[in-house]
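The values are calculated or read from the model by the stated rules, or taken from the named source; none is laboratory data. In this text the structure is predicted, and so the values were computed from the model without any measurement. Because the Cβ atoms are built from the backbone with ideal geometry, glycine has one as well, and the counts that use them run over all protein chains shown.
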Amino acid sequence: MKILKIDHLGIAVNSLAEGQSFWNDIMGLDFQGTETVEEQKVTTAFLPIGESEVELLESTSPDGPIAKYIEKKGAGIQHVAFRVENIEEALAELKEKGVKLIDQKPRKGAGGAKIAFLHPKATKGVLVELCQRD
Ligand code: ZN
């Protein structure tokens, strides 16, 4: 498996407006629009920093994964995404090594990326996303 870089940090926010008032207005990051991924009940906002991004995540529904995360742990860093060269290959390798996966196969993420999450139990507490962008 070849990990190319940290693609983005996924930050759960109560609302994008609240997140942006800090990350845009105070920290001065550039806001590059939002995208809703219905499947994951989330609206994301992208704020590029150099070769990586901050991705703000607002739940579109009280039963979505981000709403549940905030309920349990509060707003904050929810996942770390690593960009890989080939996500199918990476998942096959991890499976072979006995790593528990949330996604057995890649699914469609924001920005047209192919994404898959590893189980936080397998990573000792960090929700890791793999993503491939072509
Ligand atoms: Zn992500």
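Using the structure shown, decide if ASP30 is without any contact (Cβ under 8 Å) to a residue 24 or more places away in the chain and among the acidic types (Asp, Glu). Here the answer is yes, as ASP30 does meet what is asked.
The residues of the range 1-41 that are touching a Leu at 6+ places or on another chain (Cβ under 8 Å), surrounded by 13 or more Cβ atoms within 10 Å (Cβ to Cβ) and either within 15 Å of GLN78 (Cα to Cα) or of a type in the set (D, E, K, R) (or both), listed by number, are GLY10, ILE11, ALA12, VAL13, LEU16, GLY19.
I'm checking my understanding of the structure. Among residues of the range 83-132 that are basic (Lys, Arg) and modelled with pLDDT under 95, which one is surrounded by the most Cβ atoms within 10 Å (Cβ to Cβ)? Break it down into steps so the answer makes sense when it comes.
Looking only at the range 83-132, we keep the residues that are basic (Lys, Arg), and these are 83, 95, 97, 100, 105, 107-108, 114, 121, 124.
Next, only the ones that are modelled with pLDDT under 95 stay: 107-108, 121, 124.
Values: ARG107: 14, LYS108: 12, LYS121: 9, LYS124: 6.
For the range 83-132, the residue satisfying everything is ARG107.
In the range 74-85, the condition of being farther than 30 Å from ASN24 by Cβ and of a type outside the set (Phe, Trp, Tyr) is met by at least one residue.
Could you name every one of the strands (runs of 3 or more DSSP E) located completely within the range 32-134 that has at least 2 residues being more than 16 Å from the ligand (Cβ to nearest atom)?
Numbers: elements: 34-37, 42-49, 52-59, 76-84, 114-117, 128-132.
Result: empty, no element qualifies.
Just one residue in the set ASP134, ASP103, ASP25 is of a type in the set (D, E, K, R) and in contact with a strand residue (DSSP E or B) (Cβ under 6 Å, 6 or more places away or on another chain); that residue is ASP103.
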